[in-house]
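Please read the structure below before turning to the comments.
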Amino acid sequence: MFVGHYAVSLALKSKGKKASLGVLFLAVQFLDILFFPLVVFGVEQLRLVENYTDATHFVLEYMPYSHSLVAAFLWGGLTFLAFRLYAGGRRVPLIMAAAVVSHWFLDLIVHTPDLPILSGTGPMVGLGLWNYAGLTFFVEAVLLLVGLGMYMRATHARTAIGTYGMPALVVALMAINAVNLFAPPTGNTIPALAATALMLYLAIAAIAFWLDRHRG
């Protein structure tokens, strides 16, 4: 899953107004932000295969350190401790930890059985929604719209950018996802794919941070 993860950011922001939306946008993608450098350095493994599923052009072969269920909870726990030390209290650290862990459970919906529980050689799970690109797009769009609705109800606009900015970002995310799901493979190498993904995650988070400053 790609843009559907941001629905969790928007929903959690509505429950914890002191949490930074920009940081939440990074937190829900943290497992992928970790995954791509691990692939580039040969610790985890990704193989490019054209039309491997209806919606993807890659095979996720080995990723226990970033995408196992145990790893997701471990990274969530470390996130909780980091924000507990940095921000104090419990609400914001719990929200950030939940954002990190949520990634695995949303990925479970779309992945083929390649998500490890503990190690790269143990049981693998995945419900396989990626085998249906149109349905994948629909599910992620619905999640985004629900998250947007929760965010808009829980906050109020301070400027015109605050009124229209976040809905515009959600529409842009849907457009990006349409390209991601339906466009033919680009022919990029794995390092180029990793660099593009990481830059996109950072850019989207920065935009979300800026737009959130126009709401209160």
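Quick note: the coordinates plus some simple rules give every number you see, no bench work behind them. Only a predicted model underlies this, so the values are computations on that prediction, with no experimental measurement involved. Using ideal geometry, Cβ is built from the backbone for each residue, glycine included, and neighbour counts are taken over all protein chains shown.
What shape does the stretch 51-160 take by its C-alpha gyration tensor, where a ≥ b ≥ c are the square roots of the eigenvalues and a/c under 1.5 counts as rounded, a/b above b/c as prolate, and the rest as oblate? Don't skip to the end; give the middle numbers.
Numbers: a/c = 3.24, a/b = 1.22, b/c = 2.65.
Oblate, since a/c reaches 1.5 and b/c is not below a/b.
Can you tell me the length gained on complete extension of the stretch Val70 to Arg153, counting 0.36 nm per residue apart and subtracting the Cα distance?
Working: separation 83, 0.36 × 83 = 29.88 nm, distance 3.42 nm.
Extra length from Val70 to Arg153 when fully extended: 26.5 nm.
Placing unit charges on C-beta atoms (Lys and Arg positive, Asp and Glu negative, everything else neutral), compute the dipole magnitude of the chain about its Cα centre in debye, rounded to 20.
Details: 12 positive and 9 negative charges, 265 e Å.
Here the chain has a charge dipole of around 1280 debye.
With r as the distance between the Cβ atoms of Lys15 and Leu78 and R0 = 22 Å, compute the FRET efficiency 1/(1 + (r/R0)^6) and round to 0.05.
Details: r = 21 Å, r/R0 = 0.97.
Here the calculated transfer efficiency is 0.55.
Under 19 Å from the Cα of Lys17, which aspartates and glutamates turn up, not counting those fewer than eight places away in the same chain?
Answer for Lys17, where 19 Å is the Cα cut-off: Asp212, listed by chain and number.
Relative to the longest principal Cα axis of the chain, at what angle does helix 133-154 sit, 0 to 90 degrees, rounded to 10?
On a 0 to 90 degree scale, this one is about 20.
Given Met96, Pro184, Leu143, which one lies farthest toward the positive end of the charge dipole of the stretch 77-191, if we put +1 on the Cβ of every Lys and Arg and -1 on the Cβ of every Asp and Glu?
Of the listed residues, the answer is Met96.
Cα convex hull of the chain: how many Å³ per residue?
108 Å³
Using the alpha-carbon atoms, what tilt in degrees (0 to 90, nearest 10) does helix 69-87 show relative to the longest principal axis of the chain?
30 degrees
Taking a cut-off of 13 Å, what percent of all Cα-Cα pairs in the stretch 86-126 are separated by more than that? Show your work: numbers first, answer last.
On the way: 501 of 820 pairs.
Counting pairs separated by more than 13 Å, the tail of P(r) holds 61 percent.
Roughly what would the spin-label model give for Thr186 and Leu127, points 7 Å off Cα along C-beta, in nm?
Calculated label separation equals 2.9 nm.
At what distance in angstrom do the alpha carbon centres of the stretch 115-157 and the stretch 50-87 lie from each other?
14 Å
Put +1 on the Cβ of each Lys and Arg and -1 on the Cβ of each Asp and Glu in the stretch 1-100; which of Val3, Gln45, Leu81 then has its Cα farthest toward the positive end of the dipole?
Leu81
Rounded to the nearest 10 degrees, what's the angle between the helix 5-15 long axis and the longest principal axis of the chain, both from Cα atoms, 0 to 90?
Its long axis makes an angle of about 30 degrees.
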